[in-house]
Amino acid sequence: MKTIASEVSIYIKKKPFLSSALSQDIINLTSLARQIQPEIERSLGKSAKSGAIVMALKRISDTQEFVTTHKIVRVLKSMGDITVRSSLADYCFKLSETLLLAQAKFLNQIEASKNTFFTTSRGVGESNIIVSQELSPVIESVFSNEVCLEKTYNLSAISIKLPTENVTIPGIYYFIFQRLSWEGVNINEVISTSNEFTILMDEDSVNIAFQVIKDLKNL
C-alpha cells in the first residue's frame, strides 16, 4: 500500500544530492515539501498534505541510512583518476593443475610488451584473464591445452581509484553500480583491489558509464 512516507522515501532515494543535503540538515523541509508535493500526489493518486510530507522528510533525515549516503557521496567526490581502456578481450578458463603454469608462461612472453593491458581474477572453479585484444593470439596459443569456458571480445574497461577510507564505508559499490544499472550499463566483469576497481563492459556502453562515474564526483 502506498503511503506518503513510502513515496517520499522512494523519491529521495532517487536523488542522491537531496539525501546528502538532508543528512547535513541544510535543506528547508517546508520548501522542499512544497516543491515535491505534486510528484508525491501523482505517485499516490490522491492529494497529500504538505505537513505530512514535511514529517516524512524529517524522519528520513534522521535515519542512519541517509547519514551513510552522505559519507558515500563524500568518498565519491574524492575519487582519483578514472582510466578508460578499449579493445579488450575476456577469457574464462576452467581451473586446472596446469593453469598457473600457463599464466606464468604467458606473463614471460608479454613481459617486454608496452601499452598492453592484463589482469586476472581467480574463483573457486574458474579463472578470468582480461587482456588487450592484440594479445589474443598469444593467449590462445599459450592456453591451447586449457578448457576455455567463454571468451568475449570488443570490451572496454574503466578503472577508478578510491580514497583509502572506502574500505570502511559500506554501500559505495552498490551506490555506483545502481546508477550504472539505471542507465542500462551491463557490467561483464568487476575486478578490485583495496583502493581501486575495474569494471568491464561492451564498448558501446563505455561512454555512458564514464559519464555516470564522472558525474558521481559532482554530486
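Counting only residues that are outside any helix (DSSP H, G or I), modelled with pLDDT under 85 and under 12 Å from Leu57 (Cβ atoms), how many does segment 16-37 have?
1
Being in the same structural domain as Thr193 (by TED's automatic domain parsing), small (Gly, Ala, Ser) and under 17 Å from the mean Cα position of the chain (by Cα), is that true of even one residue in segment 132-146?
no
Look through segment 1-51, keep the residues that are in contact (Cβ under 8 Å) with a residue 12 or more places away in the chain and among the acidic types (Asp, Glu), and return whichever of them is surrounded by the most Cβ atoms within 10 Å (Cβ to Cβ).
For segment 1-51, the residue satisfying everything is Glu7.
For segment 181-212, how many residues are in contact with a helix residue (DSSP H, G or I) (Cβ under 7 Å, 6 or more places away or on another chain) and part of a helix (DSSP H, G or I)?
Summing the residues that are in contact with a helix residue (DSSP H, G or I) (Cβ under 7 Å, 6 or more places away or on another chain) and part of a helix (DSSP H, G or I) in segment 181-212 gives 2.
Looking at (1) of a type in the set (Val, Ile, Thr); (2) modelled with pLDDT of 90 or more; (3) out of contact with any helix residue (DSSP H, G or I) (no Cβ under 9 Å at 6 or more places or on another chain), which is the one condition that is false for Val167?
Condition (2) is where Val167 drops out.
Looking at segment 169-190, can you tell me whether even one residue there is under 18 Å from Gly80 (Cβ atoms), of a type in the set (S, T, N, Q), within 12 Å of the chain's Cα centre (by Cα) and surrounded by fewer than 18 Cβ atoms within 10 Å (Cβ to Cβ)?
For segment 169-190, residues under 18 Å from Gly80 (Cβ atoms), of a type in the set (S, T, N, Q), within 12 Å of the chain's Cα centre (by Cα) and surrounded by fewer than 18 Cβ atoms within 10 Å (Cβ to Cβ): absent.
Taking only segment 133-162 into account, find how many residues are surrounded by 14 or more Cβ atoms within 10 Å (Cβ to Cβ), hydroxyl-bearing (Ser, Thr, Tyr) and closer than 18 Å to Ile187 by Cα.
Total satisfying the criteria: 3.
Given the criterion assigned by TED's automatic domain parsing to the domain that holds Leu200 and not in a helix (DSSP H, G or I), identify the matching residue among Ser47, Ser87.
Of Ser47, Ser87, the one residue that is assigned by TED's automatic domain parsing to the domain that holds Leu200 and not in a helix (DSSP H, G or I) is Ser87.
From the list Ile130, Ile72, which one is of a type in the set (A, V, I, L, M) and touching a Ser or Thr at 6+ places or on another chain (Cβ under 6 Å)?
Ile130
The values are calculated or read from the model by the stated rules, or taken from the named source; none is laboratory data. These figures come from a predicted structure and were not determined experimentally. Please note: Cβ atoms are built from the backbone with ideal geometry, for glycine as well, and neighbour counts cover all protein chains shown.
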